[in-house]
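Engineer: A single structure is presented below for examination.
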Amino acid sequence: EDYITITGKKIPVKSPYNAIDLKEAGEKNNKLEFVFKKSELGDKEQMIDASYLEFEKTPDGTFVFTASTRDIENSIFDSPTKDIFKSMQEINQRPKPHAYYTTPELWCDPYISERMLEIHLNNNIDLASRKNVFVERSIAWMIEHFKINSNSKICDFGCGPGLYTTRFAEKGALVAGIDFSKNSIDYAKKTAKEKNLNIEYFLEDYLKFTPNKKFDLVCIIFCDFCALNPEQRKVLLKKFYDCLEEGGSILLDACTLPFYNLEKEQSSYEYSPRNGFWSKEPCYIFNNTFKYDLEKLVLRKFTIIEETKIRESYNWLQCYDLQSITAELAAHGFDATEHYSNVAGDVYQDNSPEIALVAKKRAG
């Protein structure tokens, strides 16, 4: 009979994984850890932190423990075929909309954030930032359209390494930037110091940021707005409203329904050798794209399997038409006054994969 021992009391358990032979439990460093025996390895034991396990009491008084491969870093297999199949099912299972939010882990991971910064600064790819040619065109349009000068006050939410904030400050504007990637903020600060620019940078999650001054313009670009769930977007729009001067504007871009329609559900995997994007160690990456027709939501999910751990990254993309995003902004005190195909001010096309909006803070 499988059992666990907690402070001397033996409690029967049923394991959902036939592969796991539950051997014993004990207390270590003020937290429970479970020792499992892996039959293929003889007497070799592996430890799993009990905080990764959940328990349910059954009608007969026993406890069923449940564990998933996304929570347990060291998966233990007794019957490889059966358990690999279960793992594949779990990897390819469609989660509920916005069930997980992993953006901070992605941008704050020391290794990945270094790679992200490299991509930000690579002029030839559109990934963490757009290509340099587009960024330059976008900055030029914004400077002209919003008449950015020494009287302007601008806050860039998700500023990255300061590609936009630096250029606004060079025009004499009072500029602030927020980002939770330390590598990006450090690079932005270094650039500002080298150029003798007075830019206020905040190493912080912008959903938790409390502005200390008012601005004329707030921007959040590269479709960052679409990565948030409805409650997070509500929180962010309130922050925008609170930190804007009366009559101030926001500039944001978002994915559109044509973008949604072009996306295809798919599953694939690839092998990454050492020093790939996701890990400095060799790993396998499972890529899943899911679509949610009711919500007009796209999920790009990445499952990264290394020798000793499994990680998942969820990239949600909310898609809009002009009516739906205008209504969402209006519900939080903003009137959309202009819309374009992108933040470079290109004329809006019905088949555009993105839409950029300028919305003004409503009085009152």
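Engineer: Among K147/K301; K96/K360; K131/K309; K193/K234; K189/K234; K190/K309, which pairs are too far apart, with a Cα-Cα distance over 32 Å? Let's see the in-between values first.
Structural biologist: Numbers: K147/K301 40 Å; K96/K360 34 Å; K131/K309 34 Å; K193/K234 35 Å; K189/K234 30 Å; K190/K309 35 Å.
From the list (K147/K301; K96/K360; K131/K309; K193/K234; K189/K234; K190/K309), the Cα-Cα distance tops 32 Å for K147/K301; K96/K360; K131/K309; K193/K234; K190/K309.
Engineer: Arrange S313, S249 by Cβ neighbour counts within 10 Å, fewest through most, would you?
Structural biologist: Numbers: S313 18, S249 23.
By the 10 Å Cβ count, ascending: S313, S249.
Engineer: Turning to a different aspect of this structure: In a solvent-free Debye calculation with one equal scatterer on each Cα, what is log10 I(q)/I(0) for segment 262-303 at q = 0.15, 0.23, 0.27, 0.33 Å⁻¹, listed in the order of the q values?
Structural biologist: Result of the Debye calculation: -0.45, -0.74, -0.87, -1.07.
Engineer: Moving to a separate point now. Output the Cα-based Rg and Dmax of segment 158-262 in Å, rounding Rg to one decimal and Dmax to a whole number.
Structural biologist: Reported Rg and Dmax, both Å: 14.4, 46.
Engineer: Report, in cubic angstrom per residue, the convex hull volume of the C-alpha atoms of segment 279-342.
Structural biologist: Numbers: hull volume 9.4 nm³, N = 64.
Measuring per residue, one finds 146 Å³ for the Cα hull of segment 279-342.
Engineer: Let me ask something additional. Beyond 24 Å, what share of the Cα-Cα pairs of segment 233-352 remains, rounded to the nearest whole percent? Provide the component values of the computation, followed by the final result.
Structural biologist: Numbers: 3368 of 7140 pairs.
Percent of Cα pairs beyond 24 Å in segment 233-352: 47.
Read-outs throughout are calculated quantities, based only on the coordinates presented, and are distinct from any laboratory measurement. Values in this document were obtained by computation on a predicted structure and should not be read as measured data. Don't worry about glycine lacking a Cβ; one is built from the backbone with ideal geometry, like all the others, and counts go over all protein chains shown.
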